[in-house]
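Engineer: This is the structure, below, for whatever I ask next.
The values are calculated or read from the model by the stated rules, or taken from the named source; none is laboratory data. Everything quoted here is computed from the prediction, not taken from an experiment. Cβ atoms come from the backbone with ideal geometry, glycine included; neighbour counts cover every protein chain shown.
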Amino acid sequence: MNSPTGAFSDALSEVDLAMRELIEALKARGHWALVDQTASESVTVHFHSPIRFTLAGVPAYPLDCDDDRRTLQQALHRQEVNAQITVSPWYERGPFLTLATPADAQRLTTLIWQEMPESGLLKHRLGTALHAAGVEVSDTWINDLGVEIGTISASDALTLITVLGGKHPPRANPANGRNTEGITDRLRGRLRRLAPRIKVTPHPACTSCVQDRPHQIRIGTATLEQISDLIGAIEAGTEAPERSCRHRPVLRARGRIGDGA
């Protein structure tokens, strides 16, 4: 399979592109599934994550009997997703979907984005915006208050400060742990313009672990409204181009991005 990013993206076949978009949606939704294609170019999806979830508004895991399987299959057919469903005993009754064509895989992808909670959509879009800005974040997760943004390196924090319209702290060397607190203060100041109560804390590497990880900064929880504003600020700061992501119309319908976003 060709690389799904960069210069090779234009060379993706229809089935490769459908699989890439489906994998992205499944990952954003938190599903553990194997996605593959058959010799006939149909797409297979094998869910085997023990997390209860729905597809097309009906339970999709677990499937305890044939009636459950038929109910799910009929619900997908009503959404014009031609899927044959079997249940594998090896993965605790996780559904195995055989999607007839790449177009069916694309329709399933659209359905997953449409049914995804707003918090999941914003968490995914935040990660995409940060990555486009050259900032890698880990440990992002959703809680009752919104989205906990996670951990970034001190070096990436300097990048984020600039993206958000700030300036580097004077003589700030991110490789020097003594500078982590000053970088944290500057980043906190930029973030609190958008999320006034957000916690931003330094986590410099100790002398024994500095060879294994960079000095880091932990960014706490922001509300969904604040996350939406932060995404807009990051995209504006990087002059991010319009991306043809299937979840953008969903966010637009929910009022999280404007028609011109």
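Engineer: Which residue out of Ala75, Ala103 is hydrophobic (A, V, I, L, M, F, W, C) and in contact (Cβ under 8 Å) with a residue 60 or more places away in the chain?
Structural biologist: Going through Ala75, Ala103 in turn, the sole match is Ala103.
Engineer: Let me ask something else about it. Within the bounds of region 90-106, is there any residue that is in a loop (DSSP other than H, G, I, E, B), among the charged types (D, E, K, R) and assigned by TED's automatic domain parsing to the domain that holds Val58?
Structural biologist: Yes: region 90-106 contains one or more residues that are in a loop (DSSP other than H, G, I, E, B), among the charged types (D, E, K, R) and assigned by TED's automatic domain parsing to the domain that holds Val58.
Engineer: Now a separate question. How many residues, within region 193-210, are aliphatic (A, V, I, L, M) and at pLDDT 95 or above?
Structural biologist: Of the residues in region 193-210, 4 are aliphatic (A, V, I, L, M) and at pLDDT 95 or above.
Engineer: While we're on this one: In region 130-176, how many residues are farther than 29 Å from Gly120 by Cβ and in contact with a strand residue (DSSP E or B) (Cβ under 9 Å, 6 or more places away or on another chain)?
Structural biologist: 1
Engineer: Does region 78-91 contain any residue that is touching a strand residue (DSSP E or B) at 6+ places or on another chain (Cβ under 6 Å) and on the phi > 0 side of the Ramachandran plot?
Structural biologist: For region 78-91, residues touching a strand residue (DSSP E or B) at 6+ places or on another chain (Cβ under 6 Å) and on the phi > 0 side of the Ramachandran plot: absent.
Engineer: Could you count how many residues in region 160-185 are buried (at least 19 other Cβ atoms within 10 Å of the Cβ) and either touching a residue at least 60 places away in the same chain (Cβ under 8 Å) or closer than 21 Å to Thr140 by Cα (or both)?
Structural biologist: Total satisfying the criteria: 7.
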